[in-house]
1. Restricting to segment 187-220, and then to whatever is assigned to a strand (DSSP E or B) and under 11 Å from residue 99 (Cα atoms), can you tell me which residue is nearest to the chain's Cα centre (by Cα)?
2. Only residues that are assigned to a helix (DSSP H, G or I), closer than 29 Å to residue 162 by Cβ and either within 13 Å of the chain's Cα centre (by Cα) or free of Cβ contacts under 8 Å to residues at least 40 places away in the same chain (or both): list them for segment 55-85, please.
3. From (1) over 17 Å from residue 30 (Cα atoms); (2) at pLDDT below 95; (3) crowded, with 16+ Cβ neighbours inside 10 Å, pick out the condition that doesn't hold for residue 71.
4. Are there strands (runs of 3 or more DSSP E) fully within segment 94-167 with at least 1 residues that are more than 14 Å from the chain's Cα centre (by Cα) and buried (at least 16 other Cβ atoms within 10 Å of the Cβ)? List them.
5. From the list 184, 180, exactly one residue is assigned to a loop (DSSP other than H, G, I, E, B), crowded, with 19+ Cβ neighbours inside 10 Å and on the phi < 0 side of the Ramachandran plot. Which is it?
6. Identify the single condition in (1) modelled with pLDDT of 95 or more; (2) touching a strand residue (DSSP E or B) at 6+ places or on another chain (Cβ under 9 Å); (3) surrounded by fewer than 23 Cβ atoms within 10 Å (Cβ to Cβ); (4) over 26 Å from residue 156 (Cα atoms) that residue 77 does not satisfy, given that it satisfies every other one.
7. Find the residue count for segment 17-37, including only residues that are more than 16 Å from residue 179 (Cα to Cα) and touching a strand residue (DSSP E or B) at 6+ places or on another chain (Cβ under 8 Å).
């Protein structure tokens, strides 16, 4: 596993790391990198072999699908069904630490999302990640670096220890330094009759529901 250290605040300096990471991802590799919330194990959603390896690394059951990172609302619309109200909601909360559960389109393999017909999508508020997705030009299945059900790991030292005996599955780690202690993204399901917050993260459920309800009132 290669390791590249970067300064997340210096966009010009990390472009070589973007190039290298995108090359691995397009060829079916796995890359670890920092986001605006936690460090993630990531692979292209079209590289199912890499996604299977991520599940093995995390010892994660197939019944728990991986969220998908996108670069724009347009990319989200290619992956899931987005109506006008949902699009307005996305414009309010993206980019940011909010994962939106929507009904998936057929472009997303059932293997990625198990038996579910939904997918969790997020546009992170992190220029490095957005640049990487733009360079790859493919949505990325991305999940926190940890054993399934355990706390997220946000420093290269912790991640290196965790990967002992597993690192041969990972092609590259982008080390952006130790991340602040931030919760994983808030998850809200918009496929139900009423929106439901499935996991509380940095964005409080009341804030999201207020935004959504204000939009609903405008549509009435």
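The values are calculated or read from the model by the stated rules, or taken from the named source; none is laboratory data. Worth saying up front: this structure is predicted, and the values here are computed from it rather than measured. Methodologically, a virtual Cβ is constructed for each residue, glycine included, from the backbone with ideal geometry; neighbour enumeration extends over all protein chains shown.
1. Here the residue is 187.
2. 55
3. In the conditions (1) over 17 Å from residue 30 (Cα atoms); (2) at pLDDT below 95; (3) crowded, with 16+ Cβ neighbours inside 10 Å, residue 71 misses (2) alone.
4. 98-103, 118-122
5. 184
6. Every listed condition holds for residue 77 apart from (2).
7. Number satisfying all stated conditions: 10.
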